[in-house]
Amino acid sequence: MIYLDNAATTRTSDEAVRAMQPYMDTYYGNPSSAYEFGGIGREVIEQGRRSIARMINCGEGEIYFTSGGTEGDNFAIKQICDANRKRKGHIITTGIEHHALLHSCEAVERQGFDVTYLSVDGMGRVRLNELANAVRGDTILISVMYANNEIGTIEPIERIGKIARDRGVLFHTDAVQSFAHIPIDVKHCHVDMLSASSHKFHGPKGVGFMYVRDGIRLHPFMDGGSQEKGMRAGTGNVAGIVGMVTAAEEAYAAMRQNIRKETKLRDYFIRRVTSEIPRVYLNGHPSYRLPNNINISIDGVDGAVLMVMLDLQGICVSTGSACTQGNGTPSHVLRALGFSYERASSSIRLTMSDDTTKEELDYTLSVIKSEVKKLREKN
Ligand code: PLP
């Protein structure tokens, strides 16, 4: 199998699996229990918190462990609105966010909050003047993703953060696709809240974290015990957190070399596919782009059909976000770029991991070439 869908999820690294095991079968105590056996889990969770905090340049007390990106996005939107439930207010986001964010916005709209969904340019970048003009007296939050999960476009986060800070508005970013892939500094970028997810960087599924800047007062997201300083009740996911932190540490140690390697392979593949197959177009920004993301439209070919053809030959790619697969409508992200229904429906996304090889890409390209030829001949 050639796995080129690492934006959907990644293989849990051997190191992460090894690190998790003892916290399931040996040190399985409840991290909230007062005796020493529970304290082992408690200590490793706190070590993990310190490690994650160092990676994004924040304090350890500003990290909250969650179940992943969906929870983080819900947490940010709903808890900021809950803190403003009496006065209500206005949120600014973009039309290309993940559904975890968009559907959370729709939920608070039903409660009387107002949401502006900014358009983006043809490469998926937020227009800063539009963002600045959208800020109103009652704007309580700006939420813009760090990098897009479908087209890989990296947003001008530092400049968005500056606008938010200058206007006294809180800034949340969904960094699910970027944390542990590219460097992130929340202080430098004036980020107030950030969500991340372990299974996107070779950690286990069902665990993630949320950064909430000190001084932002929120109500608990999950009611129950006093875990996570009472903000997110529930028995600590010791093994999951250990696996996530181990994977993040591995990713940080190899980040520079992974970025260099993946960027080179990405640009190599894009160059070949767009020059060797007629009428193939790159979607997203050519350089403000996640190192592992390739998203192309192939004129005259249905992306979903091509995906099945590749699957039959053992190659896993996707036609957009895994969460919207199979619902029959083309990607809201590609439509937001202003693309026609046809161009949006003719896209496929290939997302590499640090162990993707040139040979795998060469083979994938040769299969795409022959399948595209067959599909175009049929039409
Ligand atoms: N946000 C983005 C940008 C994503 O790509 C995803 C997952 O695809 C999520 C949020 C949801 O994360 P999780 O799968 O951890 O709930």
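Okay, here's what the table says:
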read-out	value
Matching residues, the stretch 205-244, being within 16 Å of the ligand (Cβ to nearest atom), closer than 20 Å to Tyr146 by Cβ and of a type in the set (A, V, I, L, M)	Val207, Met210, Met244
The stretch 268-294, subset among the hydroxyl-bearing types (Ser, Thr, Tyr) and in a loop (DSSP other than H, G, I, E, B), residue surrounded by the fewest Cβ atoms within 10 Å (Cβ to Cβ)	Ser287
Hits in the stretch 1-35 - residues which are polar (S, T, N, Q) and within 16 Å of the ligand (Cβ to nearest atom)	Asn6, Thr9, Thr10, Thr12
Unique match (being modelled with pLDDT under 95 and in contact with a helix residue (DSSP H, G or I) (Cβ under 7 Å, 6 or more places away or on another chain)) among Phe201, Phe209, Phe221	Phe221
Met193 vs. criteria away from the ligand (no atom under 16 Å from the Cβ) and of a type outside the set (Asp, Glu)	no
Criterion: touching a helix residue (DSSP H, G or I) at 6+ places or on another chain (Cβ under 7 Å) and within 28 Å of Thr12 (Cβ to Cβ) - qualifying residue of Ile298, Ile348	Ile348
Residue count for the stretch 338-370, restricted to those that are in a helix (DSSP H, G or I), out of contact with any Ser or Thr (no Cβ under 6 Å at 6 or more places or on another chain) and surrounded by fewer than 20 Cβ atoms within 10 Å (Cβ to Cβ)	12
Checking Asn283 against (1) modelled with pLDDT of 95 or more; (2) more than 22 Å from the chain's Cα centre (by Cα), the condition it does not meet	(2)
Residue tally, condition within 19 Å of Thr274 (Cβ to Cβ) and of a type outside the set (Asp, Glu), over the stretch 332-344	6
Unmet criterion (only one of (1) within 16 Å of the ligand (Cβ to nearest atom); (2) touching a residue at least 60 places away in the same chain (Cβ under 8 Å); (3) surrounded by fewer than 19 Cβ atoms within 10 Å (Cβ to Cβ)) for Ala83	(1)
His172 vs. criteria in contact (Cβ under 8 Å) with a residue 60 or more places away in the chain, in contact with a Lys or Arg (Cβ under 7 Å, 6 or more places away or on another chain) and either within 15 Å of the ligand (Cβ to nearest atom) or among the small types (Gly, Ala, Ser) (or both)	no
Residue in the stretch 161-169 that is within 13 Å of the ligand (Cβ to nearest atom) and of a type in the set (A, V, I, L, M, F, W, C) present	no
Complete set of residues in the stretch 229-240 that are crowded, with 21+ Cβ neighbours inside 10 Å and assigned to a helix (DSSP H, G or I)	Val238, Ala239, Gly240
Arg165 vs. criteria over 21 Å from the mean Cα position of the chain (by Cα), modelled with pLDDT of 95 or more, part of a loop (DSSP other than H, G, I, E, B) and surrounded by fewer than 24 Cβ atoms within 10 Å (Cβ to Cβ)	no
Within the stretch 86-99, considering residues that are within 16 Å of the chain's Cα centre (by Cα) and surrounded by fewer than 23 Cβ atoms within 10 Å (Cβ to Cβ), the one farthest from the ligand (Cβ to nearest atom)	Gly95
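Condition check ((1) part of a helix (DSSP H, G or I); (2) without any contact (Cβ under 8 Å) to a residue 24 or more places away in the chain; (3) touching a Ser or Thr at 6+ places or on another chain (Cβ under 8 Å)) across all residues:
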residue: His219; (1), (2), (3): no, no, no
residue: Val242; (1), (2), (3): yes, no, no
residue: Val245; (1), (2), (3): yes, no, yes
residue: Glu250; (1), (2), (3): yes, no, yes
residue: Arg256; (1), (2), (3): yes, yes, no
residue: Lys261; (1), (2), (3): yes, no, no
residue: Arg266; (1), (2), (3): yes, no, no
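The values are calculated or read from the model by the stated rules, or taken from the named source; none is laboratory data. A quick note: this is a predicted structure, and the numbers were derived from the prediction, not measured. Heads up, the Cβs are rebuilt from the backbone with ideal geometry, glycines too, and the neighbour counts pull from every protein chain shown.
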